[in-house]
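A short write-up of the structure that comes next.
The values are calculated or read from the model by the stated rules, or taken from the named source; none is laboratory data. On a predicted model such as this, the values are computed, not experimentally measured, just so you know. Positions of Cβ are generated from backbone atoms using ideal geometry, with glycine treated the same way; all protein chains shown enter the neighbour counts.
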Amino acid sequence: MQHYVKKVIINVMAVLFCLVIVGVNQTEVSANALPFEIETIIPENQVDKSKTYFDLKLEKGQKQTVEVLIRNVTKKDLTVEVAFSQLTTNSNGVMEYKKVEGKPDKSLAIDISTLVKVADNEVTVKANSEVRTKIAIEAPETDFPGILAGGLTFRLKETDSPKKAETKDQMAINNQYGYDIALVMHGNVPVEELPSELLLSTVGVINTNGRNLIFANLQNPQPKNLKDVTIETTVIEKGASKAVLENKRTDLEVAPNTNFDYGIPLNGAIIGAGTYTLKLAITIGAETFDLEKEFKINAVQAEQILEEATPTVQKSNTIWYLLVGVLIAMGIAVLLILKYQKNQNASKKAIRKKVVKKRKVTSIKR
């Protein structure tokens, strides 16, 4: 009996392990599942030929055409959408290629999106074949310091595409359906000679996707990428000495000549209406500096923060699937054990009948 129960438990554990693995694998994306590949055709004026993205140095007013190879690795025709956008920074401190809504940052002297044109916004690639698509570039007529940065995006047409995913890579897979390629133009002053800095403009509270965040609008006024950025945040109520909120994030990035609303999660902190000071300790590589600004939280915002801080029980669909799987596995285990016990009882009854029958026969012989 013990050996049988042990065997049942091992089988149940195996089933549960498989369920967990299936649940985890639902969130993984395989690069090999992409139906197409891309390859940059590196030109002669590439600054760093070890890079797989376009890292270019052009003369003033120079015109140039670069090419990207799109390779269809499936047995059916595909349509790939090609676009070019300026390099921007999102609220998570991640650089991305996205069309700027509204006015660009006031520090941006030259918008690279006006200098780069895609020949074909849609490229059809026959099954198991490849196509070269062209991108026209025109350098500014005047010198400029640092870099101008943007990126080419390659996406399957909407009907065949899943949702987008964020990425930080210069050439990266974007949620199993597309690629991004950086395109950088170097000016007459190297980025190494430019200072690294972040400026703080406005601070406040914002509600994004049902979450309340304190935001700090940060600006990179220099024409250079900021990498390896660490931001330590402290929020102190006016007149107090103890912080009501502390946060630290590392490995952030900021695109050149951009500003963005840096989101600071409350993480359940209850912050009432009042006046506060936001302090930022920023490290960029080996450089460090401090920024601070006063801001207010009104009664309505404080109420929203309180409601969000109230504990709620939230379970994802995956958790529900796992719980159902556990219950099913337990049910199977119980049925197997009951079946075993039933068989054991039947065997015992059969043995007792044989014994009784033998006794009767023996008594008759006597």
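Output the residues belonging to segment 48-77 that are in contact with a strand residue (DSSP E or B) (Cβ under 6 Å, 6 or more places away or on another chain) and without any contact (Cβ under 8 Å) to a residue 24 or more places away in the chain.
Scanning segment 48-77 gives a single hit, ASP48.
Return the residues of segment 99-137 that are closer than 14 Å to LEU87 by Cα, of a type in the set (Val, Ile, Thr) and not in a loop (DSSP other than H, G, I, E, B); say none if nothing qualifies.
Hits for segment 99-137 are ILE112, THR114, VAL116.
Are any of the residues in segment 78-96 closer than 17 Å to THR258 by Cα, of a type in the set (Val, Ile, Thr) and in contact with a Lys or Arg (Cβ under 6 Å, 6 or more places away or on another chain)?
Yes, there is a match, as at least one residue in segment 78-96 is closer than 17 Å to THR258 by Cα, of a type in the set (Val, Ile, Thr) and in contact with a Lys or Arg (Cβ under 6 Å, 6 or more places away or on another chain).
Within segment 284-295, identify whether any single residue is at pLDDT 85 or above, farther than 30 Å from ALA240 by Cα and assigned by TED's automatic domain parsing to the domain that holds VAL235, and answer yes or no. Even if it seems obvious, please write down each step before you answer.
Residues of segment 284-295 at pLDDT 85 or above: 284-295.
Narrowing the set further to residues that are farther than 30 Å from ALA240 by Cα leaves 285-286.
Those still in the list that are assigned by TED's automatic domain parsing to the domain that holds VAL235 too: 285-286.
Yes: segment 284-295 contains one or more residues that are at pLDDT 85 or above, farther than 30 Å from ALA240 by Cα and assigned by TED's automatic domain parsing to the domain that holds VAL235.
Have a look at LEU252, LEU245, LEU213 and point out the one that is more than 18 Å from GLN301 (Cα to Cα) and of a type outside the set (Phe, Trp, Tyr). I'd like the intermediate steps shown before the answer.
Numbers: LEU245 fails: more than 18 Å from GLN301 (Cα to Cα); LEU213 fails: more than 18 Å from GLN301 (Cα to Cα).
Testing whether each residue is more than 18 Å from GLN301 (Cα to Cα) and of a type outside the set (Phe, Trp, Tyr) leaves just LEU252.
Exactly one condition in (1) surrounded by 18 or more Cβ atoms within 10 Å (Cβ to Cβ); (2) assigned to a strand (DSSP E or B) is false for PRO140; which is it?
Only one criterion is unmet by PRO140, namely (2).
How about segment 219-272: which of its residues are small (Gly, Ala, Ser) and part of a strand (DSSP E or B)? Reasoning before the result, please.
Taking segment 219-272 as the starting set, the residues that turn out to be small (Gly, Ala, Ser) are 239-241, 243, 255, 263, 268-269, 272.
If the condition is that a residue be small (Gly, Ala, Ser) and part of a strand (DSSP E or B), then ALA243, GLY263 are the ones that fit.
Only one of these is modelled with pLDDT of 95 or more, more than 23 Å from the chain's Cα centre (by Cα) and among the polar types (S, T, N, Q): THR153, THR234, THR250. Name it.
Values: THR153 fails: more than 23 Å from the chain's Cα centre (by Cα); THR250 fails: more than 23 Å from the chain's Cα centre (by Cα).
That would be THR234, the only listed residue that is modelled with pLDDT of 95 or more, more than 23 Å from the chain's Cα centre (by Cα) and among the polar types (S, T, N, Q).
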